[in-house]
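The values are calculated or read from the model by the stated rules, or taken from the named source; none is laboratory data. Just so it is clear, the model here is predicted, and its values are computed rather than measured. In this analysis, Cβ positions are derived from the backbone assuming ideal geometry, glycine residues included, and neighbour counts consider all displayed protein chains.
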Amino acid sequence: MKYGTIEVRAKLAEGHGLWPAIWMLGTDIGEVGWPASGEIDLMEYVGREPHTIYNSLHTPASHGETLNTKKTFIEDIEKGFHTYKTVWTEMDIKFFIDGNLVYTFVPEKYDEVHFPYRKPFYFLINMAVGGNFGGPEVDDSIFPAKFYIDYIKVSEL
């Protein structure tokens, strides 16, 4: 898709070492690589940092570092289902949690280095275990753990 609204209703898996995420990559990643393809992290949660949701964007200008990000503390985010919505236009990207605007990304410049988001992207929904962001220590007593997706709504502009 290119531009639109993406809403996902999900229930997080929790526990030290888990990293559930809803994200997007530019469809040109095979040609240009990462981070030139761009990455939109609609929602990331790391079990070692309870009650916190990350909304982030990766661009060539940030050299793959997470410079364009917002951490939102929500006391009961691990309880029940919550909605994660992203509204993506050719000028900005807005992130919502349970209907509340938590972060708006507006680039310094509208070029491929600062805003590689003017092309089609595809979705990824996964739960990593461990890794640089999610771990590296994993509490094996949390398993089995499940990341539930109730629905995904997509409407293009």
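In the stretch 124-150, of all residues being exposed (fewer than 13 other Cβ atoms within 10 Å of the Cβ) and either on the phi > 0 side of the Ramachandran plot or of a type in the set (S, T, Y) (or both), the one that is modelled with the highest pLDDT corresponds to Y148.
Restricting the stretch 47-64 to residues that are β-branched (V, I, T) and surrounded by 21 or more Cβ atoms within 10 Å (Cβ to Cβ) leaves a set whose member that is farthest from E75 (Cα to Cα) is T59.
Got a number for residues in the stretch 92-102 being surrounded by fewer than 13 Cβ atoms within 10 Å (Cβ to Cβ) and outside any strand (DSSP E or B)? Selection size over the stretch 92-102: 1. Restricting attention to the stretch 1-35, the residues that are without any contact (Cβ under 8 Å) to a residue 40 or more places away in the chain and under 26 Å from D76 (Cα atoms) add up to 0.
Looking only at residues of the stretch 27-68 that are charged (D, E, K, R) and farther than 21 Å from I125 by Cβ, we find that the one that is modelled with the lowest pLDDT is E65.
Tell me, which residue of the stretch 40-76 that is β-branched (V, I, T) and under 15 Å from the mean Cα position of the chain (by Cα) is nearest to A13 (Cα to Cα)? Restricting to residues being β-branched (V, I, T) and under 15 Å from the mean Cα position of the chain (by Cα), the top hit is V46. When the residues of the stretch 19-60 are narrowed to those that are of a type in the set (S, T, Y) and touching an Asp or Glu at 6+ places or on another chain (Cβ under 6 Å), which ends up farthest from Y103 (Cα to Cα)? Checking each candidate, the answer is S37.
Figure legend. Inter-residue proximity from the stretch 41-63: first residues in contact (Cβ under 8 Å) with a residue 24 or more places away in the chain and under 15 Å from H114 (Cβ atoms), second residues assigned to a strand (DSSP E or B) and among the aromatic types (F, W, Y), beta-carbon distance below 8 Å, spacing 6+ or different chains. Indicated pairs: L57/F105.
Regarding the stretch 145-154, can at least one residue be identified that is more than 18 Å from W23 (Cα to Cα) and outside any loop (DSSP other than H, G, I, E, B)? No, that holds for no residue.
Touching a Lys or Arg at 6+ places or on another chain (Cβ under 6 Å), in a strand (DSSP E or B) and not aliphatic (A, V, I, L, M) - does that describe any residue in the stretch 105-126? No, the conditions are met nowhere in the stretch 105-126. Do you know which residues across the stretch 77-95 are out of contact with any Leu (no Cβ under 7 Å at 6 or more places or on another chain) and without any contact (Cβ under 8 Å) to a residue 24 or more places away in the chain? Scanning the stretch 77-95 gives K79, M91, D92.
For the stretch 1-24, residues that are assigned to a strand (DSSP E or B) and within 22 Å of I93 (Cβ to Cβ) total 13. Out of all the residues in the stretch 122-149, which are polar (S, T, N, Q) and farther than 24 Å from R9 by Cβ? Residues satisfying the conditions are N132, S141.
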